[in-house]
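The values are calculated or read from the model by the stated rules, or taken from the named source; none is laboratory data. Given the structure is predicted, the values throughout are model-derived calculations rather than measurements. As a convention, Cβ positions derive from the backbone with ideal geometry for all residues, glycine included, and neighbour counts pool all protein chains shown.
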Amino acid sequence: MLWNIFKTDTPARQGLVDWITPRKTFEDVILPERTRKQLRDALTQIEKRALIFDQWGLGRKHQTGLGLGFNFAGPPGTGKTLCAEALAHTLGRPLARVKYSQMESMWAGESGKNIAAVFEETRSRNAVLFFDEADAIASRRLTNVSGGYEREANQVINILLKEIEEYEGVVIFATNLATNFDPAFERRIRTHIYFETPGPEVRPFVWKAQLSPQTPLADDVDFEALGRDYEMTGGDIKNAVLKAAQMAAGEEGPDAGKSIHQRHFITAIEEVLDARRVMSQSLYDDGNGNGLMPWEPLVVAARLEAVEASALEGREETALVANQVTALTEAVNALQTRLRGGTFIPLPAWATGTIALLVIAAVAVVAGVVIP
């Protein structure tokens, strides 16, 4: 028990990523030809890495920057996450998706160590490392540093940049707001691929790709009209298809005679687009129309969750130390009583050392809990 009090290590670095066995392929996503070509070029870079760096000698000429970093940028629902999985599937490698809620830590310096641990584990398993919603971790470094939080955030970005520079595997960043990236990432990421909202000529195919051959469609369904009249991402279309199916299934009558009509799709589209407009509005406003940037709630939420989890453990450690200190205080009081009575009992060396260590542990644990 005393060892648990004196130890300074934080909990083991596990659960920092979700390990995904890729099942999606590039056949499962409808993309503009330009984006598809960029993805083919990205695969070529990966498959020909040995030729470029080993046989052609560029690996001996350049000791860093040999990794294959890709930035998938574009609006939500345009296929970035799906394509990251498809790329890993094509390579026959597992996909390691970073969990930001586990990455952030209230302990000074621990978030940076977590990043290094993620790269090391992914390297050992020859996996594709995937930072989804990368705005939460790769945002611009702060120039006006006034406290521990700002210093820690900048340190995390510096460590991430260093790991990317030294990493020789495949790492993918997906972001909705590439302009929030620290400029140093642009120099370290080999290829930037933009995922645009599909145009009217592509959207009818996206609609059809979201349906199963078993899905019952009424004769009035017109995907050409839906694709022409409504500007939507692939994610929007997926949600609209599911909503339309729920509407059709919920109508009165026997299930055998039910099918999805054009009216179901149109109503579902309107609901999806209304929801998107609501979500695009800032949830935080100072009264003057100044809200947080869309990426900031992600950072705040991830750090808050991590701090709450770590603080709970810290409180448990503090309670344990408090009990030990209380017992120690009672022993010291008893000793003082005996000394005042003229009875002197010399303390052995181990007892003196234990008292000193308990005091140091109490100060360290309490300080760790209260420092943000």
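The residue list 13, 97 contains one member that is at pLDDT 90 or above and not in a helix (DSSP H, G or I), which is 97. Taking the criterion of being in contact with an Asp or Glu (Cβ under 9 Å, 6 or more places away or on another chain) and of a type in the set (Phe, Trp, Tyr), the residues of the range 161-206 that qualify are 173, 181. Within the range 81-90, does at least one residue satisfy the condition of being at pLDDT below 90, in the same structural domain as residue 168 (by TED's automatic domain parsing) and either touching a helix residue (DSSP H, G or I) at 6+ places or on another chain (Cβ under 6 Å) or closer than 21 Å to residue 21 by Cα (or both)? Scanning the range 81-90 turns up no residue that is at pLDDT below 90, in the same structural domain as residue 168 (by TED's automatic domain parsing) and either touching a helix residue (DSSP H, G or I) at 6+ places or on another chain (Cβ under 6 Å) or closer than 21 Å to residue 21 by Cα (or both). Looking at the structure I just gave you, is residue 76 assigned by TED's automatic domain parsing to the domain that holds residue 133, under 21 Å from residue 236 (Cβ atoms) and more than 17 Å from the chain's Cα centre (by Cα)? No, not satisfied. The set of residues in the range 237-265 that are of a type in the set (A, V, I, L, M, F, W, C) and closer than 14 Å to residue 217 by Cα comprises 241, 242, 244, 245, 247, 248, 249, 256, 260, 265. Can residue 240 be described as exposed (fewer than 13 other Cβ atoms within 10 Å of the Cβ) and in a helix (DSSP H, G or I)? Judged against the criteria, residue 240 is not a match. Report yes if some residue within the range 155-173 is touching a helix residue (DSSP H, G or I) at 6+ places or on another chain (Cβ under 7 Å), more than 23 Å from residue 42 (Cα to Cα) and modelled with pLDDT under 85; otherwise report no. Taking every residue of the range 155-173 in turn, at least one turns out to be touching a helix residue (DSSP H, G or I) at 6+ places or on another chain (Cβ under 7 Å), more than 23 Å from residue 42 (Cα to Cα) and modelled with pLDDT under 85.
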